[in-house]
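The values are calculated or read from the model by the stated rules, or taken from the named source; none is laboratory data. From a predicted model like this one, the values you see are computed outputs, not experimental measurements. Here Cβ is always computed from backbone atoms with ideal geometry, including for glycine, and neighbour counts include all displayed protein chains. Areas reflect the complete protein model, heavy atoms only, side chains present, ligands, DNA and RNA absent. Shrake-Rupley method; radii C 1.70, N 1.55, O 1.52, S 1.80 Å.
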Amino acid sequence: LESLLDHPEYYTGTVFVINESYIIVEGTRQKIVGFALDHTLFDFDQSEIKGEFTTELDDVGQLMEKNPDSYITLAGFTDNIGREEYNRELSRERVEAVETYLVEKFKIDTGRIVLNWYGSAAPIADNSTEEGRSQNRRVLGFVAGIE
């Protein structure tokens, strides 16, 4: 029960969608309270992380290394092509690919990574165009517990 009260997103599948970075100023000190992993995009029907997104993932990994009490909540999505059961599985494979990257490269404990996958739910762009579908094939996340 204590874990649920401290981190309800572990159990409820809460997805943090943040479009800006937030810095809270406390007196004369700035404290970063969270870090958004905006979008790691994937090719159609793929779960391999593209090289252009490793820089942001490296930033996340380094931040989590420096903050051992931090954790990340990840959410995976697909476009609307294909059966929903397949899309849910593909979105799971995508968040697991990000998890594997963080675990293997930065030795982040899997207990600090919360995975959620939603298939084609919650599109951020128009699924009737290729450009829109490419934006919907994504993993996003939020690092919390930063000191």
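Residues Ser128, Ser120, Ser91, Ser134: which one is in contact with a Ser or Thr (Cβ under 7 Å, 6 or more places away or on another chain), open to solvent by 10 Å² or more (accessible area, probe 1.4 Å) and farther than 19 Å from Gln62 by Cβ?
Of Ser128, Ser120, Ser91, Ser134, the one residue that is in contact with a Ser or Thr (Cβ under 7 Å, 6 or more places away or on another chain), open to solvent by 10 Å² or more (accessible area, probe 1.4 Å) and farther than 19 Å from Gln62 by Cβ is Ser120.
Taking the condition open to solvent by less than 20 Å² (accessible area, probe 1.4 Å) and either at pLDDT 95 or above or in contact with an Asp or Glu (Cβ under 9 Å, 6 or more places away or on another chain) (or both), does Leu115 pass?
Considered against the rule, which asks whether it is open to solvent by less than 20 Å² (accessible area, probe 1.4 Å) and either at pLDDT 95 or above or in contact with an Asp or Glu (Cβ under 9 Å, 6 or more places away or on another chain) (or both), Leu115 comes out as no.
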*Output for the stretch 124-142, where each listed residue is of a type outside the set (A, V, I, L, M, F, W, C) and not in a helix (DSSP H, G or I)*: Asp126, Asn127, Ser128, Thr129, Arg137, Arg138, Gly141
*Would you check which residues across the stretch 77-88 are outside any helix (DSSP H, G or I) and crowded, with 19+ Cβ neighbours inside 10 Å and list them?*
Phe77, Thr78, Asp79
*Starting from the stretch 128-140, take each residue that is under 12 Å from Trp117 (Cα atoms) and list its partners that are in a strand (DSSP E or B) and of a type in the set (Gly, Ala, Ser), counting only C-beta distances under 8 angstrom and pairs at least six apart or across chains.*
Arg138/Gly76; Val139/Ala75; Val139/Gly76; Leu140/Ala36; Leu140/Ala75
*Name, by its number, the condition in (1) under 22 Å from Asp43 (Cα atoms); (2) in contact with a Leu (Cβ under 8 Å, 6 or more places away or on another chain); (3) open to solvent by less than 10 Å² (accessible area, probe 1.4 Å) that does not hold for Ile72.*
(1)
*Please specify each residue of the stretch 69-97 satisfying the condition of being in contact with a helix residue (DSSP H, G or I) (Cβ under 8 Å, 6 or more places away or on another chain) and touching a residue at least 60 places away in the same chain (Cβ under 8 Å).*
Ser70, Tyr71, Ile72, Thr73, Leu74, Ala75, Gly76, Phe77
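Listed here are the residues, each with its yes/no results for (1) touching a Cys at 6+ places or on another chain (Cβ under 6 Å); (2) assigned to a loop (DSSP other than H, G, I, E, B); (3) of a type outside the set (Gly, Ala, Ser).
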{"site": "Thr40", "(1), (2), (3)": "no, no, yes"}
{"site": "Asp45", "(1), (2), (3)": "no, yes, yes"}
{"site": "Thr55", "(1), (2), (3)": "no, no, yes"}
{"site": "Val60", "(1), (2), (3)": "no, no, yes"}
{"site": "Pro68", "(1), (2), (3)": "no, yes, yes"}
{"site": "Ala75", "(1), (2), (3)": "no, no, no"}
{"site": "Arg92", "(1), (2), (3)": "no, no, yes"}
{"site": "Leu102", "(1), (2), (3)": "no, no, yes"}
{"site": "Ala122", "(1), (2), (3)": "no, yes, no"}
